[in-house]
Amino acid sequence: MHTILLPVDESKERAMRAAETVLELPGGPEEKAVVLVNISESTKQPWLREFETQRAEGKADPELPESTNAAYELLTDHGIDVETRFERGSVTDQILAVADEVDADNIIMSGRKKSAAGKMLFGSVTQSVLLESTRPVTVLLDES
């Protein structure tokens, strides 16, 4: 079984590109398992606030963010086993921790192009994961 970690944010387009990349990997669906993880450093993101509200209200299956739903549906429609997770904390640290926990064979991330100044001012989760991970990381960059 090839376990793939897909960290996804609020972008449906980036989530779909990452999911499509999983479909293109060698092997059949029965040979792949995907862990979709959303990570938030706080509850500021609308998707996380909604998820937390639904969980607090006792809803058994809180609604997934649209980006996660899209990737989840594409992967499961192709017969791939998918687990969804929500984590809170440093995005880079949580990606690496979940990768270790699930013993991921690969991390597939959709990054965003940033200028050098943007990386310096805001950091880059993708860059940090690339530098700190001991696992293979596949990075898909936005074309815009």
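Nothing in this text is a laboratory measurement; each read-out follows from the coordinates by a stated rule. Source: prediction; values computed, not measured. Note that we place each Cβ from the backbone using ideal geometry, even for glycine, and neighbour counts take in every protein chain shown.
A few notes on this one:
- Highest to lowest packing among 17-23, 35-41, 80-86, 132-138, scored as the average C-beta count within 10 Å: 35-41, 17-23, 80-86, 132-138
- Net charge, L74 excluded, C-beta distance under 11 Å - Lys, Arg +1, Asp, Glu -1: -1
- Extension gain from T76 to V139, taking 0.36 nm per residue of separation minus the Cα-Cα distance: 20.5 nm
- Label separation (E31 vs A97): 3.3 nm, computed from points 7 Å beyond Cα along the C-beta direction.
- Length released on extending from E10 to E24, taking residue separation times 0.36 nm less the Cα-Cα span: 2.8 nm
- Residues whose placed amide H lies under 5 Å from that of T138, excluding near-sequence neighbours: I107, I108, M109
- A cut-off under 10 angstrom between Cβ atoms defines the neighbours of V34, and their net charge, with Lys, Arg +1 and Asp, Glu -1, is -1.
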